[in-house]
Amino acid sequence: MNDTVTKTSADRAAPDVDAAKRQKPARAPRMTWSDRLRNLQSPLYNLLGIVILLAAWQICSATHLVDPTFASSPWKILVAGKHLYSQGDIYTALGQTGKEFGIGELISIVAGTIIGLVIGASRVLYDMTRGLIDILYSVPHVLFLPVIIFWFGIGSTSRVIIVIWSGILPLVINTVAGSRALNADYRRVSTAFCTPKLKRFYKVALPASLPFILSGIRLSVGRGLIGIIVAEFFMGSGGIGFMVQFHMSQLDTSGAMAVIVTLCVAALLLNSFVAWCEKRFANWSIND
């Protein structure tokens, strides 16, 4: 009798494994049409703002409220852009600018990340370099362009160096901030397991600083684009900056604006790609 009672009580207390297996996982709530429309509101408002601006620009140019010779109009810019793309010169310019920018930006990302991790890992180095980095970052980076031309001459090397100089400081500053914000428990655990210093960099400090590094890359890309375009103004024999300057020297505002629009689209795509990488690979907090 006691055995029967005990067995019955045990059966009641034991979890129903079969029922748990049969139970279906909870599904995420389905999005309604109102939710989807709400998510589309922000992009639609952005597009609406651009359309209103272009329409106002076209009306002001057509009614001569602004001088179309100097301000051009969206329609003339579209026609000039079609002509540029049919000739093919803009593809060559994009290729040259993209190549020099890509080389300089890649070097600045690698060098800036390494320098930032080294400075962030040492209190002495951080105290020694903090003031110098703040001073250099406060000075407009294009101000060093004449010095770079004097040192390295007029050519592709100088343009790559100005991209490196423009983009490396945001990487250093953000990487230092990420390295110094590293959880102390991570350092203690790596020390307890006798992890070599070099391995701590790419196994502990680098992954933990990734959100800061990607934020620095977004800043670096913008500053690097400014650097390469300004450099092409001064010493370019091709490239996007040179094309803008050439068309403006011919008083071809529509052609210059078509090149500028192309640069804006390319910069927007590049920035969107970096933002996607930031959400994809670093959507977590360093303190998680």
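The values are calculated or read from the model by the stated rules, or taken from the named source; none is laboratory data. Since we're looking at a predicted model, the values are computed, not measured. So basically every Cβ, Gly included, is an ideal-geometry build from the backbone, and we count neighbours across all protein chains shown.
Quick one: is LEU270 among the aliphatic types (A, V, I, L, M) and not in a helix (DSSP H, G or I)?
Details: among the aliphatic types (A, V, I, L, M): yes; not in a helix (DSSP H, G or I): no.
No; evaluated as a whole, the condition is false for this residue.
For the stretch 171-184, indicate whether the set of residues that are assigned to a helix (DSSP H, G or I), more than 21 Å from LEU106 (Cα to Cα) and modelled with pLDDT under 90 is non-empty.
Yes: the stretch 171-184 contains one or more residues that are assigned to a helix (DSSP H, G or I), more than 21 Å from LEU106 (Cα to Cα) and modelled with pLDDT under 90.
I'd like the full set of residues that are among the hydroxyl-bearing types (Ser, Thr, Tyr) and either within 24 Å of the chain's Cα centre (by Cα) or closer than 15 Å to GLY95 by Cβ (or both), limited to the stretch 220-268.
Answer for the stretch 220-268, where residues must be among the hydroxyl-bearing types (Ser, Thr, Tyr) and either within 24 Å of the chain's Cα centre (by Cα) or closer than 15 Å to GLY95 by Cβ (or both): SER220, SER237, THR262.
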Residue hits (the stretch 120-154; closer than 13 Å to VAL176 by Cα, in contact (Cβ under 8 Å) with a residue 24 or more places away in the chain and either within 23 Å of the chain's Cα centre (by Cα) or surrounded by fewer than 18 Cβ atoms within 10 Å (Cβ to Cβ) (or both)) are GLY120, TYR126, ILE133
Can you find, within the stretch 210-252, the residue that is surrounded by the fewest Cβ atoms within 10 Å (Cβ to Cβ) among those that are charged (D, E, K, R) and in a helix (DSSP H, G or I)? ARG218
When you check ILE260 against the structure, is it out of contact with any Lys or Arg (no Cβ under 6 Å at 6 or more places or on another chain), modelled with pLDDT of 90 or more, buried (at least 19 other Cβ atoms within 10 Å of the Cβ) and in a helix (DSSP H, G or I), yes or no? no
Return the only residue of LEU143, LEU106 being of a type in the set (A, V, I, L, M, F, W, C) and at pLDDT 90 or above. LEU106
Go through the residues of the stretch 71-84 one by one and say whether even a single one is surrounded by fewer than 18 Cβ atoms within 10 Å (Cβ to Cβ), among the polar types (S, T, N, Q), under 20 Å from VAL259 (Cα atoms) and over 21 Å from the mean Cα position of the chain (by Cα). no
